[in-house]
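Working notes, beginning with the structure itself.
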Amino acid sequence: MKKSLIALAVLAASGAAMAQSSVTLYGVADAGVTYVNGDKNWSGVTSGNNMTSRIGFRGVEDLGGGLKANFRLEAGLLLDDGTGNSGYDVSNAANGLAFKRQSTVGLEGGFGEVRLGRELTAAYNATARYDVFGSVGIAQSRLWANGGVADDGKTAYNTAKTTNQRVSNAITYVSPNFSGFKVGVNYGFGEVAGANSDRQYLGLGATYDNGPISLGLGLERLNKDDATASGKISVWSLGGSYDLGVAKLVAGYRDSKAERVGGDDKTKGYMLAVTAPVGPGLVRAAYNRYEFTAVNADKLKADQFGLGYVYNMSKRTSLYGTYAYIKNKDNNGANMGLTLGTAGTLKDNGSQHGLQVGVTHSF
């Protein structure tokens, strides 16, 4: 009888412990066919056209008193060839599968949440959410694109125009929700011996969501690398949307300056977009204008249009189709060289057309 009671007590304690902690496997599988018409046409199977393909683990443990511990490990996948370089700087694509999209551990409670590790910046989260194409695919807004900053923080970023979407070696704080207001802050250590401020990242994202109104503000600064003659990169971005019910109106703006010898490289752009529920899916349309002015150089411009439809077959599976067009404005024989993100090349007039169709499944 005593042995039975002891066994029951052990099982009960084990069940209580399991109820207070959990680990979840989740992910997205997205692939489709892409065709790009340019000087040299390109077609093939591509991954992450509607949502970024990924696999991840997240866990939480209830520590009592309103305090919880959590972690998240998330890796990018490319379904077209089975590799995993999503979340990297392009120069590190050959590294394969790694938890470069997010790798954090933290504590959360009534004070908000504190995390340690690598993740999307608070500034990016606050404003890139207004990209109606989800920052993926041929029609994605390139306002928040990686500007060439070294992913590992160890290479001179003398060609950089903006900061990265993600920050490594970081402490992140996210506040509680105050009547629709939330604030996130990132501090990324430069980890340079004897020069703590080199490569240091500071970022803030503030959001307000209340009924049909949504607003976001992002502020970022990446300090210089002592191995270059370049100075700090400063960025601010703003986004917002208003839901009319029959349609949602969306806008975004981003402005960055990179200190150079003799002046600043300046990059800025804006986005105007709309989404509308039609049948079981969503129509998406967006216009983007990009401008870049290098030190002692003329301003370069590019315009981009995107139109797409996502057909929801279920809560987890959808079909999609997207059309995009980009045109780089010629200035004395030079242009920004922006493409639709494929192996295709621009026409002589600096333009490309593109089409994507595919399927997304979340799990």
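The values are calculated or read from the model by the stated rules, or taken from the named source; none is laboratory data. In this text, all values refer to a predicted model and were calculated from it rather than measured experimentally. Virtual Cβ from ideal backbone geometry, glycine too; neighbours counted across all protein chains shown.
Criterion applied to N349, N332 was being without any contact (Cβ under 8 Å) to a residue 40 or more places away in the chain, within 18 Å of W42 (Cβ to Cβ) and over 24 Å from the mean Cα position of the chain (by Cα), and the one residue passing it is N349. Scanning the stretch 1-35 for residues that are among the hydrophobic types (A, V, I, L, M, F, W, C), surrounded by 10 or more Cβ atoms within 10 Å (Cβ to Cβ) and at pLDDT below 95 turns up I6, A7, L8, A9, V10, L11, A12, A13, A17. Scanning the stretch 100-113 for residues that are surrounded by 15 or more Cβ atoms within 10 Å (Cβ to Cβ), part of a strand (DSSP E or B) and not hydroxyl-bearing (S, T, Y) yields Q102, G106, L107, E108, G112, E113. Does the stretch 153-166 contain any residue that is at pLDDT below 90 and outside any loop (DSSP other than H, G, I, E, B)? So far as the stretch 153-166 goes, yes, one or more of its residues are at pLDDT below 90 and outside any loop (DSSP other than H, G, I, E, B). When the residues of the stretch 310-325 are filtered to those that are under 21 Å from the mean Cα position of the chain (by Cα) and among the hydrophobic types (A, V, I, L, M, F, W, C), the one that is nearest to A145 (Cα to Cα) is A324. The residues listed here are T339, T317; of these, the one that is β-branched (V, I, T) and at pLDDT below 95 is T339. Scanning the stretch 234-276 for residues that are closer than 30 Å to R199 by Cβ and of a type in the set (D, E, K, R) gives R254, D255, K257, E259, R260, D264, D265, K266, K268. In the condition set (1) at pLDDT 85 or above; (2) in a strand (DSSP E or B); (3) acidic (D, E), D348 is compliant with all but (2).
Scanning the stretch 328-345 for residues that are touching a Lys or Arg at 6+ places or on another chain (Cβ under 9 Å) and on the phi < 0 side of the Ramachandran plot yields a total of 9. The residue of the stretch 337-352 that is farthest from A31 (Cα to Cα), among those that are surrounded by fewer than 19 Cβ atoms within 10 Å (Cβ to Cβ) and not polar (S, T, N, Q), is D348. Filtering Y287, Y320, Y325 for residues that are of a type outside the set (D, E, K, R), free of Cβ contacts under 8 Å to residues at least 24 places away in the same chain and either under 22 Å from L78 (Cβ atoms) or part of a strand (DSSP E or B) (or both) leaves a single hit, Y287.
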